[in-house]
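Visitor: Shown below is the structure under consideration.
The values are calculated or read from the model by the stated rules, or taken from the named source; none is laboratory data. What you are looking at is a predicted structure, and each value in this text was computed from that prediction instead of being measured. Reconstructed Cβ throughout: ideal geometry from the backbone, glycine too, with neighbour counts over all protein chains shown. Note: accessible area is taken over every heavy atom of the protein model, side chains too, but ligands, DNA and RNA are not part of it. Shrake-Rupley method; radii C 1.70, N 1.55, O 1.52, S 1.80 Å.
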Amino acid sequence: VQLQASGGGLVQTGGSLRLSCTASESILRYNAMGWYRQAPGKQRELVASITLGGTTNYADSVKGRLTISRDNAKNTVYLQMNSLKPEDTAVYYCNTKTPYGRPSWGQGTQVTVSS
């Protein structure tokens, strides 16, 4: 399975972006999908996840500002990002929440928030 993230860009503080991640095959095989991010010099971190049943979880740093959703028919996971802050600047990736049987990481999409 290949994962292609898109939708990143340069925005000002307080701006919004909507990221998309489309898989080359069905994501129904994966119970939980997640969005991760990696800032320069930092480890990759999970910021949001969603199960097949629609249960979502968020890192404390993004609660109330980021919303994850999935469209299984389109093999796509979305991340709506509002009230963006400079500390949200990172490369964003999607992948399964659990590492077992995880597809390889795609290239990700760059999000840059200017102050």
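Visitor: Return the total of residues in segment 1-40 being at pLDDT 95 or above, more than 15 Å from residue 95 (Cα to Cα) and of a type outside the set (D, E, K, R).
Guide: 12
Visitor: So how many residues does segment 52-95 have that are hydroxyl-bearing (Ser, Thr, Tyr) and farther than 15 Å from residue 34 by Cα?
Guide: The number of residues fulfilling the criteria is 3.
Visitor: Next question, about the same structure. Looking only at segment 21-40, count every residue that is out of contact with any Leu (no Cβ under 7 Å at 6 or more places or on another chain), in a strand (DSSP E or B) and open to solvent by less than 30 Å² (accessible area, probe 1.4 Å) and tell me the total.
Guide: Adding up the residues that qualify gives 3.
Visitor: Which of the residues that make up segment 41-54 are under 12 Å from residue 96 (Cβ atoms) and either open to solvent by less than 30 Å² (accessible area, probe 1.4 Å) or hydroxyl-bearing (Ser, Thr, Tyr) (or both)?
Guide: Result: 49, 50, 51.
Visitor: Can you tell me which residue in segment 8-48 is farthest from the chain's Cα centre (by Cα), limited to those that are closer than 22 Å to residue 63 by Cβ and among the hydroxyl-bearing types (Ser, Thr, Tyr)?
Guide: Within segment 8-48, the match that is farthest from the chain's Cα centre (by Cα) is 13.
Visitor: Restricting attention to segment 71-115, report how many residues are open to solvent by less than 40 Å² (accessible area, probe 1.4 Å), outside any loop (DSSP other than H, G, I, E, B) and farther than 22 Å from residue 12 by Cβ.
Guide: Adding up the residues that qualify gives 6.
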